[in-house]
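Engineer: So that we are looking at the same thing, I have put the structure below in structure tokens.
Each value in this text was obtained by applying a stated rule to the coordinates, not by laboratory testing. Worth saying up front: this structure is predicted, and the values here are computed from it rather than measured. Note that we place each Cβ from the backbone using ideal geometry, even for glycine, and neighbour counts take in every protein chain shown.
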Amino acid sequence: MRDLTEILGALPAGRISLGEGCIAAHSYDAWPVAVKWRQQGKQPCRPDAVARPRTTEEVAALLGACNAAGIPVTPWGLGSSVVGAPLTEAGGVVVDLSEMTDTLAVSEDDLVVTVQAGKRGDVLEGELNAMGFTLNHSPQSLDRSTVGGWVATRATGQLSSLYGGIEDQLIAIRVVLPDGRIVQTRRTPRAAIGLDTKSVFIGSEGTLGIVTEVTTRIFPLKPWRRLETVEFGDVDAGLAAMRAITRAGLKPFLVRFYDVDEARHAMRDPGYERCVMFLGFEGIRLLAEAEHALVTDLCVECGGRPVGSAGAEGWMGRRYDFSAIENVLADPGGVAETIEVSDFWSGIGGTYLALKAALAPFADEVLCHFSHVYAQGTSLYVILIGRAADAAAAEVRLREIWDTAMRVCLERGAAISHHHGVGLARRGFVERDQGSAMIVNRAVKQALDPNNIMNPGKLGYAARPASED
Ligand SMILES: Cc1cc2nc3c(=O)[nH]c(=O)nc-3n(C[C@H](O)[C@H](O)[C@H](O)COP(=O)(O)OP(=O)(O)OC[C@H]3O[C@@H](n4cnc5c(N)ncnc54)[C@H](O)[C@@H]3O)c2cc1C
């Protein structure tokens, strides 16, 4: 246990907890390996204290004190990371932002909202909906993740084919640097005034500072929506259709394509024998109907068969439901993992086959879907479900799954993460994935956090604060 005397006075009384319950709650996130640690009674990522600031100024006071004392700081949104990103192996203080929930400003003219970073996604979405607006950022974890967490992990959502990821929505951030200085990036629709400072912090996973306020785009709720389900005989045909849709410049708000193994789950039909695509169109009815017609024509040209809206509507109704994975993990021997990667169109078919074959020995089911499309390529989301003898064996199996999946991606030149980030799960693979870009990444880290107090050991950076070297 570290000596925390010098920081305990940095926040008002009662906002820094040394209580066992609070520390235990911040020792595990939603990473399946962490779930297995908890089931075994292991606690390898145990903070010394948990702080709950409510204002940017309180965060600044806390970081200034931690920096002076060389105490590690790990930001925490709601702990929905599935890769161990908010877990600390270096001890120190976990800074839980979940009490920073104010909506600070909404501009209906400019279509922007500014919130404190600890705001939960579904709460903000509900507030906006009541005013006739939406974020159009819709991760499956909307009801268990924060706006600041989205920025810190470069999150994306189920509507990304039309609206992009958080990097496309973000207008500005307020961030506290490790030494306690406060930076507000410029609020503007676009500017050509040197670096895009906010982008340095997107995906930084708490290693460069703490985001305390976020200004992001909002959209008027759309007046009209239509869904479609299209069956395909094989994965190649569906991928060809996805590529054709993006090449034509068409932008359905929903494009999700399942291989036959996951299609059985997506269609809720154990006997289902085809691959399936869910598509969604929205906006002005005339345009959205035309887009629906053009996209379904392209699907047919690629061998698809439109079968109506029911399959896609069923999925939309349960799109935030993660219980199938959670129920498997709740059993100590249960093995369930989700790994998302991405590749160019020229490589994704091969990456799909290589991952499916390499991971098959580790699980009873290896399910795959492609759900974020770009003109250049797509994401690939792999779900593994299996069983091991007990929680310890399940942990070993999960580690093998990660090692295998990351090795296959690196060998093929595929990106090792599409949106979940690095955390502890992928940290051993960052250096190879990033190559010479690590020169810049390390220089930024050294410039902003020379004492390495921010989330040590993540993103390929040193594991301990500089004071302990
Ligand atoms: C059921 C489920 C579904 C999911 N679906 C998606 C999905 O569709 N798309 C997607 O992108 N992700 C998804 N995720 C992953 C996860 O929800 C995201 O990574 C999310 O952005 C994390 O937000 P959080 O607030 O819970 O952050 P945490 O998990 O608490 O932290 C994540 C990382 O961000 C850092 N961090 C958090 N807040 C701040 C801050 N204010 N300033 C600086 N650093 C900070 C932490 O230090 C950590 O490194 C899913 C997770 C689950 C459990």
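Engineer: Can you give the net charge of the other residues whose Cβ lies under 12 Å from the Cβ of GLY303, counting K and R as +1 and D and E as -1?
Structural biologist: Surrounding charge for GLY303 is -2.
Engineer: Answer rounded, prolate or oblate for region 142-207, using the Cα gyration tensor with square roots of eigenvalues a ≥ b ≥ c: rounded when a/c is under 1.5, else prolate when a/b is larger than b/c, else oblate.
Structural biologist: Oblate shape, in that a/c is at least 1.5 and b/c is the bigger or equal ratio.
Engineer: Between GLU289 and ALA25, with labels modelled 7 Å along Cα→Cβ, what's the label distance in nm to one decimal, could you check?
Structural biologist: 5.2
Engineer: In angstroms, what radius of gyration and Dmax does region 345-419 have, counting Cα atoms only?
Structural biologist: When restricted to the Cα atoms of region 345-419, Rg and Dmax are 13.1, 44 Å.
Engineer: Let me ask another. Full extension from ASP236 to THR404: what is 0.36 nm times the residue separation minus their Cα-Cα distance, to one decimal in nm?
Structural biologist: 58.1 nm
Engineer: Rounded, prolate or oblate: which fits region 9-82, taking a ≥ b ≥ c as square roots of the Cα gyration tensor eigenvalues, rounded meaning a/c under 1.5, else prolate when a/b beats b/c?
Structural biologist: Note, shape of region 9-82 comes out prolate.
Engineer: Could you tell me the center-to-center distance, by alpha carbons, between region 125-141 and region 401-453 in angstrom?
Structural biologist: 31
Engineer: Once R0 is set to 22 Å, what does the formula 1/(1 + (r/R0)^6) return for the Cβ-Cβ distance between ASP269 and TYR320, expressed as a FRET efficiency to the nearest 0.05?
Structural biologist: The calculated FRET efficiency here is 0.55.
Engineer: Taking 0.36 nm per intervening residue step and subtracting the Cα-Cα distance, what contour gain separates GLN376 from ARG305 on full extension?
Structural biologist: 23.1 nm
Engineer: Which of rounded, prolate or oblate describes region 225-317 when judged by the alpha-carbon gyration tensor and an a/c cut-off of 1.5?
Structural biologist: Taking the square roots of the gyration eigenvalues as a ≥ b ≥ c, region 225-317 is oblate.
Engineer: Among the listed pairs LYS198/LYS356; LYS356/LYS445; LYS42/LYS458; LYS119/LYS198; LYS198/LYS458, give every one whose C-alpha distance is greater than 25 Å.
Structural biologist: LYS198/LYS356; LYS356/LYS445
Engineer: Using only helices, what value at 222 nm comes out for the chain when you add -39,500 (n - 2.57) per DSSP H run of length 4 or more and divide by the total residues, to the nearest 500 deg cm²/dmol?
Structural biologist: Helix contribution divided over all residues of the chain: -10500 deg cm²/dmol.
Engineer: Here's another thing I want to ask about it. Rounded to the nearest 0.05, what FRET efficiency is calculated for LYS42 and GLU411 with R0 set to 30 Å and r the Cβ-Cβ distance?
Structural biologist: Calculated transfer efficiency: 0.45.
Engineer: With each label point set 7 Å from Cα along the Cα-Cβ vector, what nm distance links ASP143 and ARG247?
Structural biologist: 4.1
Engineer: To continue, here is another question. Can I get the semi-axes of region 103-220's equivalent ellipsoid? Compute them from the C-alpha gyration tensor as square roots of 5 times the eigenvalues, in angstrom, largest first.
Structural biologist: Here the semi-axes work out to 21, 16, 14 Å.
Engineer: What distance in nm lies between label points placed 7 Å from Cα along the C-beta direction at LEU221 and LEU195?
Structural biologist: So the two model labels end up 4.1 nm from each other.
Engineer: Oh, and also: Given a Förster distance of 41 angstrom, what is the FRET efficiency for ILE182 paired with ASN327, based on the Cβ-Cβ distance and rounded to 0.05?
Structural biologist: Once rounded, the FRET efficiency stands at 0.40.
Engineer: Continuing with the same structure: For LEU8 and ALA447, compute 0.36 nm times the residue count separating them, minus their Cα-Cα distance, and round to one decimal in nm.
Structural biologist: Extra length from LEU8 to ALA447 when fully extended: 155.4 nm.
Engineer: Cβ neighbours within 10 Å, averaged per peptide: list 12-18, 150-156 in order, most packed at the top.
Structural biologist: Packing proxy ranking, top to bottom: 150-156, 12-18.
Engineer: Under a cut-off of 21 Å between alpha-carbon atoms, report the lysines in cross-link reach of LYS222, not counting same-chain residues fewer than 8 places apart.
Structural biologist: Correct list for LYS222: LYS251.
Engineer: List the residue ranges in the chain for DSSP H helices whose C-alpha atoms run 15 angstrom or more along the long axis and whose Kyte-Doolittle average is -1.0 or above.
Structural biologist: Qualifying helices: 56-69, 235-247, 285-301, 345-359, 391-412, 437-448.
Engineer: Using alpha carbon coordinates only, what is the Rg to Rh ratio of the chain, with Rh defined as the Kirkwood radius?
Structural biologist: 0.97
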